[in-house]
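Single-structure report; data block below.
The values are calculated or read from the model by the stated rules, or taken from the named source; none is laboratory data. Here the structure is a predicted model, which is why all the values come from computation and not from measurement. Cβ sites come from the backbone with ideal geometry, for glycine too, and all protein chains shown count toward neighbours.
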Amino acid sequence: MRKRLGFVSLAMALALVALAGCGGGSQGGGEGGGGGGGSDIRPGLVLDIGGLGDQGFNDSAYAGLKRAEKEFGVEGEYLESTAPTDYADNLTQLAESGFNPVIAVGFLMTDDLTEISEQFPETQFAIVDSVVETPNTMDLVFREQEGSYLAGIVAGLMTQEDTEYTTSDEKVVGFLGGQTGPLIEKFQAGYEAGVESVCPDCEVLVKYAGSTPEAFNDPGEGKEISLQQISQGADIIYHASGNTGTGLFDAAKQEKIFAIGVDLDQAKLFPDSPILTSVVKRVDNAVYQTIDSVSKGGQPKGTTVDRGLKEKGISLAPFGRFDDQVPQEVKDQVDQAREGIINGDIKVPDAL
Amino acid sequence: MEDFFGLLGPILQSTVRNATPLVFAALGGLFSERSGVVNIGLEGLMLISAFAGVVGANLSGSAFIGLGTAVAAGLLFALIHALMTVTFEADQIISGTAINLLALGGTGFLMVAIFGSGGTSPRIEGFESVAIPVLSSIPLLGPALFDQSILVYLMYVLVPVVFFVVFHTPFGLRLRGTGEAPEAVDTAGVNVARMRYYGVGLSGVLAAFGGAYLSMGLLSAFTENMTAGRGFIALAALIFGRWNPIGAAGAALLFGFAQAVTYSVNEQAIPIEFIEMIPYVLTIIALAGLGGRAIAPAAIGKPYRKE
């Protein structure tokens, strides 16, 4: 019996290890190669929690890698992270295996990347949504507040309209954030400023799903928060909360209100939910351009690349199937604000 | 304050929705722990069932068939836990953790295998809210209690049923005996291993209802790791409720209410970190013996070997 116990414990331990590996680093990698005269660089991507199929941030980064693989004939690799404890392993693994550039997709990897980029001074690193102060790390940041400002204008004006999904009687709009912190506060600050600019007496209900990275992956909580905001009169809710936002889309469908998506044009990804527009963040372009510049030999080193409306790193998705419900004045105001932001007339706050 | 009362209706509705998966999982944990097997794998059992339910509903087009596949999956993985801990006498915490990791990695892998990509599954037809006539028009409590998914109504029925089964039937007596003094019930002719299989198996079935409620009642799609710690909060509710179905349900409602309040109060009013720790703080208080001690079944966590 004793022997059997030992065997079982060993089997369990092995199972644990195997499964942890399974969750932590599902392997990707692509066809890529074969393109005549392709560069010999090997781009590597470490995706954040949520991973592939998040219909947002991570998928966008992955699309950038795929495009680069195709166009430059390079062979890349990506690793998914299921928990913050995976970041360091994944980054080290790619750097050790000679991948270059290694791109960390997500601000949660800031601390790990700071350490690891010092251990691999020859590797070009890049991080999305954060600034890492090492000489071989490129920072790919966005001015999300600019797109959020436009979303705020849409929300502030549309909540005063009578449509299939909004009523003019209550001037209340909602914001659903993921994890509390400076990144999502950029979205919130821009959104609130946008609402304020067109509807000073509108109320913006703000709620974050939590204070840990899991707050980006809890659609149940996203739905509850949305339902509460709807019960308080919100008829448009903008989210910057990753997978948590799918709960908003569920609530929007159920209660017939408008949702505003984030990162990708989510109306196309959730066709059965009333998603009026989305604040699109071109993480794919940032990833693609980073691979591009490394493949051309121009080492980008430690620069910070800041993308906003002007650089087309941030944009507001078309209204799509709801286009005829959006009055022309609303569209004009959005266009004016976009120009104002691009030529510097409008300063959008990037923090609360 | 007037604002708060206007919000009370939606808060109570939200409370019931938040509490439902916790109650199911806590009742499941109760059967397992009362039989003497710690089931830290509730989280994983819920996750697997949430996934299996969506797959079943997606393939068949029927939410009820989805519920069936959810229960089957929950039972299957609970029996793996029973096999490990009862038959092979493996450490119950390690086995439970393995179930949790298996659920996380396995559902992530199967998402890609079945639906082509990870993240969020396609939408399915879940269990819509069904308002019970008359009862649902009671002010305040009516919509909260009687305008919900049928899985919520099932939960109402199960709490007293579980109470009756555990405390007023021969089966319940044997189950509790197995968790308190396995030698004694063994001497009395009860098959300890079989009782523990029943206990753990039932925990899988009940956790499955909780998981199915998440992916098919509250929401209508599966998202990777969507249980987000609810299995552990359910365990906390079980302990806080002193391994009693009524107490556990009350604790789950309390946790659900705390969450619902944070969803609706102003962001700055209560720091979100504070709310997140409420279930665990209350559990520590319960375990520390304030307001009467929370005493676990005596033989919990110990494999029983027939002499």
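Brief remarks follow.
- Considering region A:149-202, the residues that are of a type in the set (D, E), within 27 Å of A:D129 (Cα to Cα) and within 14 Å of chain B (Cβ to nearest Cβ) include one that is surrounded by the most Cβ atoms within 10 Å (Cβ to Cβ), namely A:E192.
- Positions within region B:111-134 being touching a helix residue (DSSP H, G or I) at 6+ places or on another chain (Cβ under 7 Å), outside any loop (DSSP other than H, G, I, E, B) and closer than 15 Å to B:A221 by Cα, in sequence order: B:I114, B:T120
- The residues of region B:112-129 that are at negative phi and at the interface with chain A (Cβ under 7 Å from one of its Cβ atoms), listed by number, are B:S117, B:G118, B:T120, B:R123.
- Residues within region A:53-94 that are in contact with a strand residue (DSSP E or B) (Cβ under 9 Å, 6 or more places away or on another chain) and surrounded by fewer than 22 Cβ atoms within 10 Å (Cβ to Cβ), tallied: 4
- Meets criteria (modelled with pLDDT under 95 and in a helix (DSSP H, G or I)) for B:A208: no
- Residue match in region A:111-126 (condition: under 16 Å from A:D48 (Cβ atoms), assigned to a loop (DSSP other than H, G, I, E, B) and under 18 Å from the mean Cα position of the chain (by Cα)): no
- Every condition in (1) under 20 Å from the mean Cα position of the chain (by Cα); (2) within 10 Å of another protein chain (Cβ to nearest Cβ); (3) within 26 Å of B:L219 (Cα to Cα); (4) among the small types (G, A, S) holds for B:G108 except the one numbered (1).
- Those residues of region B:175-215 which are farther than 30 Å from A:P219 by Cβ, touching a helix residue (DSSP H, G or I) at 6+ places or on another chain (Cβ under 6 Å) and small (G, A, S), in sequence order: B:G177, B:G179, B:A193, B:G199
- Against the list (1) within 20 Å of the chain's Cα centre (by Cα); (2) more than 30 Å from A:G242 (Cα to Cα); (3) assigned to a loop (DSSP other than H, G, I, E, B), the condition B:Y198 fails is (3).
- Checked against (1) on the phi > 0 side of the Ramachandran plot; (2) surrounded by 22 or more Cβ atoms within 10 Å (Cβ to Cβ), B:E89 passes all but condition (2).
- Candidate set: region B:59-86, residues that are hydroxyl-bearing (S, T, Y) and surrounded by fewer than 24 Cβ atoms within 10 Å (Cβ to Cβ); chosen: the one nearest to B:T97 (Cα to Cα): B:T69
- Of residues in region A:203-223 being at the interface with another protein chain (Cβ under 8 Å from one of its Cβ atoms) and under 23 Å from A:D169 (Cα atoms), the one surrounded by the fewest Cβ atoms within 10 Å (Cβ to Cβ): A:V206
- Qualifying residue in region B:229-240 (condition: under 21 Å from B:L75 (Cα atoms), within 14 Å of chain A (Cβ to nearest Cβ) and part of a loop (DSSP other than H, G, I, E, B)): yes
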